[in-house]
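Take a look at the structure below.
What follows is calculated from the coordinates using simple rules that are stated; it is not laboratory data. Bear in mind that the values here come from a model prediction, so they are computed numbers and not experimental data. Because the Cβ atoms are built from the backbone with ideal geometry, glycine has one as well, and the counts that use them run over all protein chains shown.
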Amino acid sequence: MNNATRATVTTFGVIAALAGFEHGVGEIMQGNRAPAGIMIESWPDLAFFEIVSGEPAMTIVPNLLLTGILAISVSLIICVWAIRFVQRSYGGLILILLSIILLLVGGGFGPPLLGIILGIAALGINARFPWWRAHLPHSAQHVLSAACPWSFGAALFAWLLVMPGSMLLDTFFGLDERALYTFIIAAFSLLLLTIITGFVHDMQQKSSRELRPAMQG
């Protein structure tokens, strides 16, 4: 089991699920009515979500109440899947599929995108990393592996800064939209860095386990 990669996918998978869940709550609050079109806002009338433009989403379901119920349901499935099953050989593909479904039923745009990225990363949980071993210098491997926990912590902080941090900062202090975009770019960039450092860390751990019996022999 590749612990760093799985920890990354599980932790941020739960964050994606919580964000999708919150979209669903906003859609349920709008009641049993038809949306104006495929593009909707999950929280159109709440000042707390003004900085994120009411949290845009899309839905192929012609009813906001049902859209919200489906968004919450799919989000809960994603949460359970990320915690319990994502390490399986098909775990990443299922996470990608669930994220696409979440996109179509009002789960917003950020949570499904996050889920798709994590699904792709999950495909490497059981990988043997042949490319990394062959092409990545040992010095770079050590640096990236050592950076893994720091990158993970920074990415987690950045995502919490996006949600609910940006809403809280805007409510109490006022937040420029450029700052919000900076938070979002930082969150995705640090997540990608965390996935890379996690792969390298797991590769080194696997190499150490393979060398240990040979050294003992």
Projected label distance in nm at Ile120 and Val14, using a 7 Å step from Cα toward the beta-carbon: 2.5 nm
Quick calc, Lys206 & Arg88: beta-carbon distance into FRET formula, R0 22 Å, rounding 0.05, result 0.75
How high is the FRET efficiency from Phe48 to Leu192, r the C-beta distance, R0 41 Å, rounded to 0.05? 0.90
Along the Cα→Cβ direction, 7 angstrom out, place labels at Asn32 and Ser73. What is the inter-label distance in nm? 1.6 nm
By how many degrees, 0 to 90 and rounded to 10, does the Cα axis of helix 138-160 deviate from the longest principal axis of the chain? 20 degrees
With the 8 Å Cα cutoff and a minimum separation of six or more residues, the chain has a relative contact order in percent of 25 percent
Gaussian network model of the chain, Cα springs within a sub-10 Å range: biggest mean-square fluctuation belongs to which of Thr182, Thr59, Thr11? Thr182
Springs between alpha-carbon pairs under 10 angstrom, Gaussian network model over the chain: which of Ala71, Ala146, Ala158 fluctuates most? Ala146
Would you compute the Debye intensity of the range 1-50 from its alpha-carbon atoms alone, equal scatterers and no solvent, and pass along log10 I(q)/I(0) at q = 0.24, 0.29 Å⁻¹ to two decimals? -0.91, -1.10
Fraction of alpha-carbon pairs over 28 Å apart in the chain - percent: 36 percent
Alpha carbon convex hull of the range 37-133, projected area averaged over orientations, nm²: 7.6 nm²
Fully extended contour minus Cα-Cα distance, from Ala146 to Phe173, at 0.36 nm per residue: 6.1 nm
Would you calculate, for the chain, the mean residue ellipticity at 222 nm contributed by helices, counting each DSSP H stretch of 4 or more residues as -39,500 (n - 2.57) and dividing by all residues, to the nearest 500? -23500 deg cm²/dmol
